[in-house]
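**Q** The following block contains the structure, expressed as structure tokens.
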Amino acid sequence: MSESPTTSAPGCANCVRLEREVQQLREELAELRRQLNRNSGNSSLPPSAHPPWAPRPASRKPSGRKPGGQSGHEGHHRELLPVEQVDEVVTHKPARCGHCGARFTDSVAGQLIDRHQVSELPPRAVRITEHQALACTCRRCGQITRQRIPQELTRSVLGLRLCAAIAFVSSRVHGSRRAVQELLEEVLGASLSLGTVMAREREITQALGEPYRQAKQMIQKASAKNVDETGWKRAGRFLWVAATRSLAVFHLDPCRNRDALHQLLGPKINGTICTDRFGVYEKVPLERRGLCWSHLKRDFKDLAEQKGPSKKIGEAGLEICSGVFDLWHRFRDRRLSRSTLARLLKPVRKKMNRLLKRAIRSPAKRAARFCRELLRLEPALWTFAKVKGIEPTNNHAERMLRPAVMWRKQSLGSHSVGGCRFVERMMTVLQTLKLRGQSVMDYLEQAIHALRCGVSPPPLPA
């Protein structure tokens, strides 16, 4: 006798429920495996945090040649300074003739046949000048006249260039203030206290206040810029950067939201920005945004390392990324004009559009969700082809942030708001002058001199 529908209904419901639970567990297992296989090639994980089972970076096969310079390679040598720029000239003149043995007199002129320069550090590079105020008694009236030390000399016990050196070392050693103190004492012979190092940091922070404000105004007016952010610790939780080819401006903020972005780029964001896909940049219209293809390549690689439909989507995306970078490198090397680049990118753009539209119907939920989001942002993927100053990657901003990341890892961030101000202003000056090929020490010296004399600070060198 067959079972009635009323008795089989509960069993069918249980089967459906079990199948749903099994599918859910399969998805959770796939997600856990994906997270377990994360590395710097398919996620934002840094190489230093690679798990032991992560694939090793590709290495070149041994060429069989010995290490070092190869035969026939053109050597690179340090250029000699002009004679007028050296501190001391020592001549090596023969005393006697190498043939007959006759002695050369001082009147015999020599011919320059070789030059060699040796750089050396004196035992104490710091020069200490003592200023003494004297009083004199007039022989005529018997009154005493006292001469005071000029006020500009008594404002500090350290000179301008030594103050600049403290600020420079504090921001480049990326260690503790005690490490800065020991380095200056051992290398330069400057005996300083920890309080003196901190006081000089506060002084340079004040001296760079106006130049930093001017730099912010310039970056806000820039027509094209790269923007990125990274974590910080203690008083400021996030370090933002906006950079062009000749200017980099940093901002430390406790938040990672739009208010922090407006603190850096102004209430109305001008120009075109190149960023990652972080949601805080959504307020900027897509026609004035450029997206980083390196992040995109990393996400497609993550999909390609999975199984099923995700793998095909990832492989197709990686092929498109490879074509985009190949065209960009040819354009960057001036083998293509911008109009030719735009023309060659048209079929690539259509291919990407077809891939995204096909992928959003994929049974792989994560891949479909990723492609749906990318399809919404698709116009920003191709901004680099038409806007000068925008590249297909955000590597420029990440390179600007790299020294700050090392600073954060070694010094554990900033304990105070004043320390945050020192970081953002010094990083702005250091990276901007590096981009422009200017001397950091000379500029810091001029800024401190302007502060002590109460005059307008020097603008960042053009």
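The values are calculated or read from the model by the stated rules, or taken from the named source; none is laboratory data. Owing to the predicted nature of the structure, the values given are computational and were not obtained by experimental measurement. Every residue, glycine as well, gets a Cβ built from its backbone with ideal geometry; the counts of neighbours run over all protein chains shown.
**Q** So which residues in the range 313-353 are touching a residue at least 40 places away in the same chain (Cβ under 8 Å) and in contact with a Phe, Trp or Tyr (Cβ under 8 Å, 6 or more places away or on another chain)?
**A** Scanning the range 313-353 gives I313, G314, V324, F325, W328, R338, L341, L345.
**Q** Got a number for residues in the range 320-365 being charged (D, E, K, R), part of a helix (DSSP H, G or I) and within 28 Å of A304 (Cα to Cα)?
**A** Qualifying residue count, the range 320-365: 10.
**Q** While we're here: Does R361 satisfy the condition of being exposed (fewer than 14 other Cβ atoms within 10 Å of the Cβ) and modelled with pLDDT under 95?
**A** Criteria met by R361.
**Q** Inspect the range 166-181 for any residue being within 23 Å of A450 (Cα to Cα) and without any contact (Cβ under 8 Å) to a residue 60 or more places away in the chain and give the result as yes or no.
**A** yes
**Q** Please work out which residue is farthest from R256 (Cα to Cα), limiting yourself to the range 275-318 and to residues that are assigned to a helix (DSSP H, G or I) and touching a strand residue (DSSP E or B) at 6+ places or on another chain (Cβ under 6 Å).
**A** Filtering the range 275-318 for residues that are assigned to a helix (DSSP H, G or I) and touching a strand residue (DSSP E or B) at 6+ places or on another chain (Cβ under 6 Å), the one farthest from R256 (Cα to Cα) comes out as R288.
**Q** Considering only residues that are hydrophobic (A, V, I, L, M, F, W, C) and assigned to a helix (DSSP H, G or I), look in the range 140-162 and name the one that is farthest from the chain's Cα centre (by Cα).
**A** For the range 140-162, the residue satisfying everything is L153.
**Q** Among the residues of the range 330-339, is any closer than 30 Å to Q24 by Cα, modelled with pLDDT under 95 and polar (S, T, N, Q)?
**A** Scanning the range 330-339 turns up no residue that is closer than 30 Å to Q24 by Cα, modelled with pLDDT under 95 and polar (S, T, N, Q).
Yes/no matrix, rows are residues, columns are (1) of a type in the set (S, T, N, Q); (2) in contact with a Phe, Trp or Tyr (Cβ under 7 Å, 6 or more places away or on another chain):
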{"site": "F168", "(1), (2)": "no, no"}
{"site": "H174", "(1), (2)": "no, yes"}
{"site": "R178", "(1), (2)": "no, no"}
{"site": "Q181", "(1), (2)": "yes, no"}
{"site": "L184", "(1), (2)": "no, no"}
{"site": "L188", "(1), (2)": "no, no"}
{"site": "A199", "(1), (2)": "no, no"}
{"site": "R202", "(1), (2)": "no, no"}
{"site": "Q206", "(1), (2)": "yes, no"}
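**Q** Regarding L451, is this residue farther than 18 Å from T230 by Cβ and crowded, with 16+ Cβ neighbours inside 10 Å?
**A** It is true that L451 is farther than 18 Å from T230 by Cβ and crowded, with 16+ Cβ neighbours inside 10 Å.
Condition check ((1) surrounded by 10 or more Cβ atoms within 10 Å (Cβ to Cβ); (2) at pLDDT 90 or above; (3) touching a Pro at 6+ places or on another chain (Cβ under 8 Å); (4) under 30 Å from A164 (Cα atoms)) across all residues:
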{"residue": "P62", "(1), (2), (3), (4)": "no, no, no, no"}
{"residue": "K66", "(1), (2), (3), (4)": "no, no, no, no"}
{"residue": "R78", "(1), (2), (3), (4)": "no, no, no, yes"}
{"residue": "E88", "(1), (2), (3), (4)": "no, yes, no, yes"}
{"residue": "T91", "(1), (2), (3), (4)": "no, yes, no, no"}
{"residue": "D106", "(1), (2), (3), (4)": "no, no, no, no"}
{"residue": "V118", "(1), (2), (3), (4)": "no, yes, no, yes"}
{"residue": "I128", "(1), (2), (3), (4)": "yes, yes, no, yes"}
{"residue": "C141", "(1), (2), (3), (4)": "no, yes, no, no"}
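**Q** For the range 368-399: of the residues being touching a residue at least 12 places away in the same chain (Cβ under 8 Å), in contact with a Ser or Thr (Cβ under 7 Å, 6 or more places away or on another chain) and aliphatic (A, V, I, L, M), which is surrounded by the fewest Cβ atoms within 10 Å (Cβ to Cβ)?
**A** Applying the filter and picking the extreme gives V387.
**Q** When you look at L286, is it in contact with an Asp or Glu (Cβ under 9 Å, 6 or more places away or on another chain) and hydrophobic (A, V, I, L, M, F, W, C), yes or no?
**A** So L286 passes the test.
**Q** Among the residues that make up the range 188-195, is at least one of them in contact with a helix residue (DSSP H, G or I) (Cβ under 6 Å, 6 or more places away or on another chain), within 19 Å of A125 (Cα to Cα) and buried (at least 17 other Cβ atoms within 10 Å of the Cβ)?
**A** Within the range 188-195 (the criterion being in contact with a helix residue (DSSP H, G or I) (Cβ under 6 Å, 6 or more places away or on another chain), within 19 Å of A125 (Cα to Cα) and buried (at least 17 other Cβ atoms within 10 Å of the Cβ)), the answer is yes, since at least one residue qualifies.
**Q** To continue, here is another question. If you scan the range 374-398, which residues turn out to be over 15 Å from P285 (Cα atoms), in contact with an Asp or Glu (Cβ under 8 Å, 6 or more places away or on another chain) and β-branched (V, I, T)?
**A** none
**Q** If you take the residues of the range 233-251 that are closer than 16 Å to V280 by Cβ and in contact (Cβ under 8 Å) with a residue 40 or more places away in the chain, which of them is surrounded by the fewest Cβ atoms within 10 Å (Cβ to Cβ)?
**A** Taking the candidates together, the pick is H251.
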